[in-house]
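Working notes for the structure below.
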Amino acid sequence: MAFFVWTEKYSVGIQLVDDQHKRLVEMVDDLYEAMKAGRGNEILGTVFNNLLAYTRLHFAQEENLMRQCGFPGFAEHKQLHEQLTKQVIDLGEQFKAGKSSLTVHLASFLKDWLVDHIQGTDRKYVPFVNAMNSR
């Protein structure tokens, strides 16, 4: 059974954003499955690099969308993106330095952060995007 599966309850109703969120969900699930199979530490460096690169791409596109629609919570939302990016970078550096190993805690942290971010923070800018698209 999968650790993290996309369901429509996570949809924000913006196809590009939903597709990117689906990919992030898959990446977190892949990480968990590798860890469960005992291959977590073996592939962690690659997973971190891929996750970080994709997260940066997603955040940049999401931030561009928020700027375009004039979302008033842009600065706060961008700060949350920067905090997660820093946390992922820090975890990757700890692992590379041999100070950390892959744990269920990491996969759970990423899953919980993504669910909270999608269902809470990301939904706040959706009405602004919809208003922009209806002009």
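Details
- Contact annotation: residue pairs with Cβ atoms under 6 Å, 6 or more positions apart or on different chains, pairing a residue in the range 49-75 that is of a type outside the set (Val, Ile, Thr) with a partner that is outside any helix (DSSP H, G or I), are 66/125; 71/125.
- Scanning the range 85-102 for residues being loosely packed, with under 12 Cβ neighbours inside 10 Å and at pLDDT 85 or above gives a total of 1.
- Check on residue 78, closer than 17 Å to residue 120 by Cβ and touching a residue at least 12 places away in the same chain (Cβ under 8 Å): yes
- Residue within the range 62-80 that is out of contact with any Ser or Thr (no Cβ under 6 Å at 6 or more places or on another chain) and modelled with pLDDT under 90 present: no
- Cβ pairs under 7 Å, 6+ apart, first in the range 103-123 and within 19 Å of residue 75 (Cα to Cα), second of a type in the set (Ser, Thr, Tyr) and modelled with pLDDT of 90 or more: 118/10; 119/10
- Counting only residues that are within 16 Å of residue 116 (Cα to Cα) and touching a Lys or Arg at 6+ places or on another chain (Cβ under 7 Å), the range 69-86 holds 1 of them.
- Which listed residue is of a type in the set (Lys, Arg), exposed (fewer than 15 other Cβ atoms within 10 Å of the Cβ), out of contact with any helix residue (DSSP H, G or I) (no Cβ under 6 Å at 6 or more places or on another chain) and farther than 30 Å from residue 33 by Cβ, from 135, 56: 135
- In the range 1-24, the residues that are at negative phi form Cβ pairs under 7 Å with partners that are aliphatic (A, V, I, L, M) and part of a loop (DSSP other than H, G, I, E, B), at six or more places apart or across chains, as follows: 18/12.
- Matching option when the condition is surrounded by 12 or more Cβ atoms within 10 Å (Cβ to Cβ) and either acidic (Asp, Glu) or assigned to a helix (DSSP H, G or I) (or both), among 105, 117: 117
The values are calculated or read from the model by the stated rules, or taken from the named source; none is laboratory data. These numbers come from a predicted model, not from an experiment. Here Cβ is always computed from backbone atoms with ideal geometry, including for glycine, and neighbour counts include all displayed protein chains.
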